[in-house]
Structures are given as C-alpha cells and as structure tokens.
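Q: Mind having a look at this structure? Questions to follow.
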Amino acid sequence: MLSSPIDLQQVRQLFSDPQRSAGTDFLRREIAGRMREKLELVKIQPACVLDAGCGAGADLPELQRSYPEALVIGLDASPAMLRSGEQARGSARQVLGRFLSRLTPAALRAEPAPALISGDFADLPLAPRSVDLIWSNLALHWHPQPHALFAEWRRVLRTEGLLMFSCFGPDTLTEVRAAFAEADPFPHTLQFVDMHDFGDMLIENGFSTPVMDMEKLTLTYEHPQALLEDVRALGGNPLENRLRGLTGRSRYQRLLEALEKLRQPDGRLHLTIEVVYGHAFKPVPAKTESGEAIIRFDLPRRQR
C-alpha cells in the first residue's frame, strides 16, 4: 500500500545535510517527549531497543536512561546524520565527564553508548526476533510502503515485543498544500496516511491490540518565508512526480501571496501539524512456521 509516490533516493538526499533539518528539531523533541509519556504507561524491560530512522540520534540518550540495562541501537539511512549526532553527544559527554570527575568515582560515571548503524529501516540488518522495543519518531511517513515496513519491523521483534511510532497525518501542511495549489499544478507535499489505515496495516501484519491516537499542533509565523523554511526543514518534497528544477520567481511570488491570504485574525500565519501515534505488540504465534496450529494449556497445580 502506497502512502505517496515517494522517491527514497530523494529522501536520503534531503536528509543528507544535518543542518538542513536542524531548524525543526524543536518539533521532533516535543513529539518525542509525548511519546515517552505514552511509553511510560507500558511496563516492559527490553534487552534490546531499536530507534528506527533515528536521524541524529537525539532520542537515543533518553531511551538509554529509560532502559539502562538494554542495548540501544540507532539506525538511519544518512551516515551524515549519525556522525553529526555522535559528535554532538561526544562533546557533551566530555564536558559532563570533566564535571563529574570531580564528584563521582569512574565506575559511576560510565554510561553505555548506543550502537549506531547506517541502513534502511525497511530492510534491517538485524536477525529475526532480536529486538524487544522498536521506537520510531517522525520517520514512518518517509517510506512509500508502510505495509511492507510493518512486516519488516515485525520480523525483528521478539514475541510480545512492542512497536511504538509517531508520524505525520493527512491534515499536516494543509495550508501549504492550499497555497501551492494556487501557484502551480504540481504536487509539493506528501499525502500522509490516515491513522485508521495504519491500524488496519498493523493488524494485517500480525500485530495485536494496536492503539492509535492523533492530535493537531499549530505552528505560527510572522513571515511566509519563515514558514516555508520550516517546511523544507521538516523534509521538503521527495515526491517522484515533483516539479524538477528551480522554482521561478513569479511562481514563488504567487505562493507567498497565496500564503498571505491565509493570515489568521491573530495576525500570524498558521501551519497545521497532525501527529499520529501508534503502538502495538507482536503476539504469541498461533501457528508454527510450517503452518501447524499451536495449542497452549497450563497443567493444573498439584494440591498440597
């Protein structure tokens, strides 16, 4: 099932420069915090945690602190994003280490470092049933076949393992979509998948008790140029049928004028972000790999 005709090579290109997306890190951090609140309600003790599509890895330290005994793996298709995050965390560890060295023994200062892998989160370089928790923050919508993606994530999850993700929903960037429609006939934003469709995909791929939730956030701007800069920082346009080449001056001016028409009574431009949250478990299998039914029963306890 396609979310949009997404050019995966273009997605990798758009996220190859960490500075390009840095301006919207505030949104990713906010949504990650809301995901952690939901995760705290689920009582699990994972031995292995995978952050699928981790970007610069800003979620990795929090996941490690939540599960200090677990192996935490960050996977992203952009080596540059992984390098930039590792450099930033390394600098932070050096500063913190110099401070703590005066206060605590070395054994207490040691903190496990996450493992980083550059790879495709739809073709994971991981063994079947090797992960207890898959965490994915604002990455799922960049893949054109989420149905296949869920199948791959289920493959690497252990029985009763948990998948938790967030992604953009269909009302994301509605203002930009409307403004571009006045400027030219080309598509400029993804058609994001509805949360109910994600729930159906999870069930079809063998996940149990999927829980889907949605909320809308509104970002506000004084100038349309700043709004468009954030739209580019959120990922831009990776559509296969996108307009190729540079945007002409007259087309860009029409876009700015169309955005100005959407200015709200508070005097600012609004940008809608629909955030979809989902989590589901990999259930105990009902059949063996050869198709034989598995029947479970508990022996009665002996009376003493």
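Q: Determine the order of Thr172, Thr272 by accessible area, beginning with the largest, at a probe radius of 1.4 Å.
A: Putting Thr172, Thr272 in descending order of accessible area: Thr272, Thr172.
Q: Moving on to the next point. Radius of gyration and Dmax for segment 146-197's Cα atoms, expressed in Å?
A: Reported Rg and Dmax, both Å: 16.1, 50.
Q: Another question about this same structure. Once the whole set of protein chains is in place, how much accessible area is left on Cys167, using a 1.4 Å probe, in Å² to the nearest 10?
A: Counting only protein heavy atoms, Cys167 exposes about 0 Å² to solvent.
Q: Additional query: Which whole-number value in Å³ per residue fits the convex hull of the alpha carbons of segment 177-223?
A: 108
Q: Which lysines does Lys282 reach when only Cα atoms under 22 Å apart count, and residues fewer than 8 places away in its own chain are ignored?
A: Lys282 reaches Lys38, Lys43.
Q: If you don't mind, there's one more thing I want to ask. Cα to Cα, under 19 Å, and not fewer than 8 places away if on the same chain: which aspartates and glutamates meet these conditions relative to Lys216?
A: Asp25, Glu30, Glu37, Asp171, Glu175, Asp194, Asp197, Asp230, Asp266, Glu274
Q: Quick check: Cα centre of segment 1-55 to Cα centre of segment 126-158, how many Å?
A: Cα centroid of segment 1-55 versus Cα centroid of segment 126-158: 12 Å apart.
The values are calculated or read from the model by the stated rules, or taken from the named source; none is laboratory data. Since this is a predicted model, take the numbers as computed values, not measurements. Please note that ligands, DNA and RNA were not included when accessible areas were found on the heavy atoms of the full protein model with its side chains. Shrake-Rupley method; radii C 1.70, N 1.55, O 1.52, S 1.80 Å.
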